Amino acid sequence: GSSRNSFRPAAALLGAATPAKAARSQLMKAVRSATRSRKKYEHVELTPLRDSEVEDERESSVTQQWLEYAWRKLLALLWILVALALAVYLQLPDIVLTGATRDKPHRQMNGFLFNVALACFGGWGCIAAYLIVWVKYVQKDTREWEEVSPRAIPIATILAVLSLFSFCGAFWPLWGFLSVPIVFMLFLGVLNTAHFVPI
């Protein structure tokens, strides 16, 4: 009877070890499966794109760039056409040459402010030509304009604002409050002609 009792603890220990081994084997299986799935994931991530996908992305980017370029040119052309139509409707060539329209010759524009506006606009145009043509295309300087000539941008901004105010003051006797939007649209039309300058 005592021998039977001595075998019982050993069997109990063997029975307890069996679930521990099973748990350990299940844990090892889970670790192996996780490692395999991670390897598969890394394999998928490192797989390069097919040539057809790369070509499709290049074609879509080229098409998008072309559409953006065409849209910018179309908007610039629209502003130029609006400015030209406005200039013809308001008889701007007659006003510049004679100081008044054919319909209302008694209304004279302010010649002094018009000359100031032309001078300021000419100065702004010279600075723009210096930065765009001379610095960028002739000298082929790749630095920012602020680094090349720190005072050019502030001076050009002041001249542009002065020219706008002077043009508004010059045309005020002819168009009154409408001088501000008219000058603004004409100015945008002139600016957008730069889109079609072949440089």
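The values are calculated or read from the model by the stated rules, or taken from the named source; none is laboratory data. Treat the numbers as computed from the prediction; the structure is a model and nothing was measured. Neighbour counts run over all protein chains shown; Cβ positions are idealised from the backbone, glycine included. When the accessible area is computed, the model is the full protein with side chains, heavy atoms only, and any ligands, DNA or RNA have been set aside. Shrake-Rupley method; radii C 1.70, N 1.55, O 1.52, S 1.80 Å.
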>> Using a probe radius of 1.4 Å on heavy atoms only, what accessible surface per residue do you get for the stretch 89-194? Whole Å² is fine.
In response: 63 Å²
> Taking +1 at the Cβ of each Lys and Arg and -1 at the Cβ of each Asp and Glu, which of Phe121, Met185, Ile95 sits farthest along the dipole of the stretch 43-199 towards its positive end, judged by Cα position relative to the Cα centre?
Replying inline: Ile95
> Highest mean first, what order results for 181-192, 96-107 on Cβ atoms within 10 Å?
Replying inline: 181-192, 96-107
> Using alpha carbons only, what's the Rg to Rh ratio of the stretch 84-150 with Rh from Kirkwood?
Replying inline: 1.24
> Regarding the stretch 117-199, what are the three Cα extents along the principal axes, ordered largest first, in Å?
Replying inline: 45, 27, 17
> What list of ³J(HN,Hα) values in whole Hz, one per residue of the stretch 69-81 in order, does the Karplus curve 6.51 cos²θ - 1.76 cosθ + 1.60 (θ = phi - 60°) give from phi, with Gly and Pro shown as x?
Replying inline: 4, 5, 5, 4, 5, 5, 5, 4, 5, 5, 5, 5, 5
>> In whole Hz and in residue order, list the ³J(HN,Hα) couplings for the stretch 174-180 that follow from phi through the Karplus curve 6.51 cos²θ - 1.76 cosθ + 1.60, θ = phi - 60°; x for Gly and Pro.
In response: 8, 10, x, 5, 5, 4, 5
